[in-house]
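Peer 1: Here's a structure for you.
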Amino acid sequence: MRKIFTIYITTTLSIGLFTGCFNQTLGKKNTKITSQARHKSTMKPYVVLGKPYEPTFIKVGENMKGISSWYGPTFHGKYTSNGEIYDMHDMTAAHKTWPMDTMVRVQNHDNGKSVVVRITDRGPFVDGRVIDCSYAAGRAIGLDKSGIANVTITALSFKSKLEGSREKIAKVIQPARTQQRTLSTYSIQVGAFKDLLVAQNAKSKYGILDTSRGTHVKSFLTDDGSHIYRVFVNGFSTEAEARDFIVSHNLNTNIIIRG
């Protein structure tokens, strides 16, 4: 499973004028509709890893079958292809050729779950994969546990507007948006200290890194009767997700604990 995630992480790219700024992080809210200039730019042919891609306009109801994956912390806060700032907790996705702001239903055939997402990025650039869901969208259909899944994607509407059966679509979107992060399968040890105050300061420091994660201090008794206070960041559903967090935040640790 770890190998799958590594391949996926390195093959989702932002294409267009913001490509050169791909590694920048800005405190800016996502826009709802891609600007006309940006939309025109993202519909131009492009090449990734030596393979050409040609974005195309599509019709409502058009569908595509293949594999869906997801992308998360490594890209959180960075530019997407349409110039927005990627938020892994938004219901968005990356597609290689469909227009930006296309509203797409992703149906997971492996478990029957579905979700509606808005295309804001280009990718995934792995053969057989048709869409990269954000972490929130992927979690809504079980990708946080399986990593990838067989799906059918269907175009619902364009320009970020949900047309037709709004109530039905809302029922699909709302549960995933209101879900709280209660993941606790894996934790990362980010420090071990003899001084409790220092450990508590570290807990606060790492809590600011990602407010969607939980942090805690745990006391351990050593052989000489003293205490060691270990600081953990928790809330990871898989080991791959925990390692992704370590890499994205340049953490000097390799200790991942299950449970």
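Peer 1: Can you work out which of the residues in the range 41-59 that are farther than 12 Å from residue 98 by Cβ and of a type in the set (Val, Ile, Thr) is nearest to the chain's Cα centre (by Cα)?
Peer 2: Going through the qualifying residues, I end up with 48.
Peer 1: Exactly one of these conditions fails for residue 8: (1) modelled with pLDDT under 90; (2) in a loop (DSSP other than H, G, I, E, B); (3) under 26 Å from residue 155 (Cα atoms); (4) within 22 Å of the chain's Cα centre (by Cα). Give me its number.
Peer 2: (2)
Peer 1: Identify all residues within the range 204-237 that are in contact with a Ser or Thr (Cβ under 7 Å, 6 or more places away or on another chain), within 22 Å of residue 74 (Cβ to Cβ) and surrounded by 16 or more Cβ atoms within 10 Å (Cβ to Cβ); write none if there are none.
Peer 2: Across the range 204-237, the qualifying residues are 206, 232, 233, 234, 235, 236, 237.
Peer 1: Working carefully through the options 233, 217, find the one that is in contact with a helix residue (DSSP H, G or I) (Cβ under 6 Å, 6 or more places away or on another chain) and more than 30 Å from residue 90 (Cβ to Cβ).
Peer 2: One residue alone meets the criteria, 217.
Peer 1: Same structure, new question: Show the residue pairs that are 6+ apart or on different chains and have beta-carbon atoms under 7 Å apart, the first residue being within the range 73-93 and over 23 Å from residue 36 (Cβ atoms) and aromatic (Phe, Trp, Tyr), the second being assigned to a loop (DSSP other than H, G, I, E, B) and at pLDDT 90 or above.
Peer 2: So the pair list comes out as 75/86.
Peer 1: If you don't mind, there's one more thing I want to ask. For a quick check of your reading: which helices (runs of 4 or more DSSP H) sit entirely within the range 159-259 and have at least 2 residues that are modelled with pLDDT of 80 or more and under 20 Å from the mean Cα position of the chain (by Cα)?
Peer 2: Those helices (runs of 4 or more DSSP H) span 196-209, 239-248.
Peer 1: When you scan the range 33-65, how many residues do you find that are without any contact (Cβ under 8 Å) to a residue 60 or more places away in the chain and in a helix (DSSP H, G or I)?
Peer 2: Qualifying residue count for the region: 4.
Peer 1: Next up: If you take the residues of the range 66-95 that are under 21 Å from residue 151 (Cβ atoms), in a strand (DSSP E or B) and among the hydrophobic types (A, V, I, L, M, F, W, C), which of them is nearest to the chain's Cα centre (by Cα)?
Peer 2: For the range 66-95, the residue satisfying everything is 70.
Peer 1: Pairs please, first residue from the range 204-223 and more than 15 Å from residue 236 (Cα to Cα) and of a type outside the set (Lys, Arg), second anywhere and assigned to a helix (DSSP H, G or I) and at pLDDT 80 or above, Cβ atoms under 6 Å, 6+ apart in sequence or on different chains.
Peer 2: 217/199; 217/203
Peer 1: For the range 202-209, does any single residue satisfy the condition of being among the hydrophobic types (A, V, I, L, M, F, W, C) and in contact with a Leu (Cβ under 7 Å, 6 or more places away or on another chain)?
Peer 2: No, there is no match, as no residue in the range 202-209 is among the hydrophobic types (A, V, I, L, M, F, W, C) and in contact with a Leu (Cβ under 7 Å, 6 or more places away or on another chain).
The values are calculated or read from the model by the stated rules, or taken from the named source; none is laboratory data. Keep in mind the model is a prediction, meaning the values are calculated, not measured. Using ideal geometry, Cβ is built from the backbone for each residue, glycine included, and neighbour counts are taken over all protein chains shown.
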